Amino acid sequence: MARYDRAITVFSPDGHLFQVEYALEAVRKGNAAVGVRGTDTIVLGVEKKSTAKLQDSRTVKKIVSLDNHIALACAGLKADARVLINRARIECQSHRLTVEDPVTVEYITRYIAGLQQKYTQSGGVRPFGLSTLIVGFDPYTGVPSLYQTDPSGTFSAWKANATGRNSNSIREFLEKNYKETSGQETVKLAIRALLEVVDSGGKNIEIAVMTRDGLRQLEEAEIDAVVAEIEAEKAAAEAAKKAPPKET
């Protein structure tokens, strides 16, 4: 294996590109990120590492806007993410300038995935070590969309998905509990999914809600209120299970 993992452009005899697989491993070690698509709302949530006491937490954002109607969350190497986000923002503005219309969510997803794939096929470069969740509303039809891209350059559309650390656990939870929701119920489902892998509750969660009016980041107090509501529902369900059956 050692002979085939040095250059990005060399396949191993069994058909692997090891540098791309190592980039996928960097994603698996990154913070958890989740996206949930509702009928009128799309929610992005990420696991937030606790900041140093003297650090300004406002400068550590893992959910960003690409355009007025499109947002992105990522898992993996944050420095790589910054470069990819800047390229995507420039493409959004160039598209507006050239054709006088905003980009669709699929268009910018294809652009980002194409950029990621290009860095798996050129000598002297390495793949982007991040996976992205891209959400937004189609500017022409108003339909909500959620896409995922990965370091290999593949992309796909989802109703709900997760990437990063423990993403399999979150995905299993979403598969069991996902249903078409709207408004606050979509927010609650995303937070419940993140709480499957985040221990310390709302203070280590960042949530952003995309509606047709644009992106809004939830304040910590709002997240804490939803977490408290979820915990109260769990406690009520546990109490109901433990309660003795009623005699008939």
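The values are calculated or read from the model by the stated rules, or taken from the named source; none is laboratory data. All figures in this text were calculated on a predicted structure; none of them were measured in a lab. We place every Cβ from the backbone using ideal geometry, glycine too, and count neighbours over all the protein chains shown. Ligands, DNA and RNA are excluded from the accessible area calculation, which covers all protein heavy atoms including side chains. Shrake-Rupley method; radii C 1.70, N 1.55, O 1.52, S 1.80 Å.
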Notebook entry, point to check: What residue among Tyr22, Ala73, Gly183 has its Cα farthest toward the positive end of the dipole of the chain, where the charges are +1 on Lys, Arg and -1 on Asp, Glu, each on the Cβ?
Noted result: Tyr22
Next item on the list: Under 28 Å Cα to Cα from Lys159, which lysines show up? Leave out anything in the same chain fewer than 8 places away.
Entry: Lys29, Lys48, Lys49, Lys61, Lys62, Lys78, Lys118, Lys176, Lys179, Lys188, Lys203, Lys234
Check: Can you pull the semi-axes for the stretch 1-88, root of five times each eigenvalue of the Cα gyration tensor, sorted largest first, whole Å?
Finding: 31, 18, 13
Next item on the list: Quick one: compute a quarter of the convex hull surface over the Cα atoms of the stretch 36-181 and quote it in nm².
Entry: 10.4 nm²
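Tell me the Kirkwood hydrodynamic radius of the chain in angstroms, computed as one over the mean inverse distance between distinct C-alpha pairs. Don't skip to the answer; put the middle values down first.
Details: mean 1/r = 0.0520 Å⁻¹.
With all distinct Cα pairs of the chain included, I get 19.2 Å.
Work out the FRET efficiency for Thr211 and Thr9 from their Cβ-Cβ distance, taking R0 = 41 Å, and round it to the nearest 0.05.
Numbers: r = 43 Å, r/R0 = 1.06.
Calculated value: 0.40.
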Check: What angle do you read, to the nearest 10 degrees and between 0 and 90, between the alpha-carbon axis of helix 184-195 and the longest principal axis of the chain?
Finding: 70 degrees
Notebook entry, point to check: For the Cα atoms of the chain, what angle does the longest principal axis make with the long axis of helix 220-242, in degrees from 0 to 90, nearest 10?
Noted result: 50 degrees
Notebook entry, point to check: Against the longest alpha carbon principal axis of the chain, how many degrees, from 0 to 90 and to the nearest 10, is the axis of helix 18-28 turned?
Noted result: 20 degrees
Next item on the list: Please give, to one decimal in nm, the separation of the simple spin-label points placed at Val143 and Leu54, each 7 Å out from Cα toward the Cβ.
Entry: 5.3 nm
Item checked: Nearest-10 value in Å² for the accessible area of Tyr22, using the 1.4 Å probe -> 90 Å²
Notebook entry, point to check: Counting only heavy atoms of protein chains, what accessible area per residue, in Å², does the chain have with a probe of 1.4 Å?
Noted result: 54 Å²
Next item on the list: For Glu219 paired with Lys203, estimate the spin-label separation in nm (one decimal), with each label point 7 Å from Cα along the Cα-to-Cβ line.
Entry: 1.8 nm
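Measure off, as a whole percent, the carbon and sulfur share of the 1.4 Å-probe accessible area of the chain, all protein chains present. Let's see the in-between values first.
Details: 6770 of 13310 Å².
Carbon plus sulfur share of accessible area: 51 percent.
Counting only C-alpha contacts under 8 Å and six or more residues apart, can you give the relative contact order of the chain as a whole percent? Working shown, then result.
Working: 473 pairs, mean separation 66.2, N = 248.
Contact order relative to length: 27 percent.
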Check: For Arg110, what accessible area in Å² do you get when you roll a 1.4 Å probe over the heavy atoms of the protein chains, rounding to the nearest 10?
Finding: 130 Å²
Margin query: As a test of the definition: which semi-axes, in Å, follow for the stretch 48-125 when you take the square root of five times each eigenvalue of its alpha carbon gyration tensor? Largest first, please.
Written below: 26, 19, 10
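Stretch Ala243-Ser122 to full length: gain in nm at 0.36 nm per residue minus the Cα-Cα span? Write down the numbers at each step before the final one.
On the way: separation 121, 0.36 × 121 = 43.56 nm, distance 6.34 nm.
Full extension from Ala243 to Ser122 adds 37.2 nm.
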Notebook entry, point to check: Pulled fully out, how much extra length does the chain show between Val83 and Lys234, if you take 0.36 nm times their separation in residues and subtract their Cα-Cα distance?
Noted result: 50.2 nm
Note to self: Can you tell me which of Leu195, Leu133, Leu97 moves the most in a GNM of the chain? Springs connect C-alpha atoms under 10 Å apart.
What the structure shows: Leu97
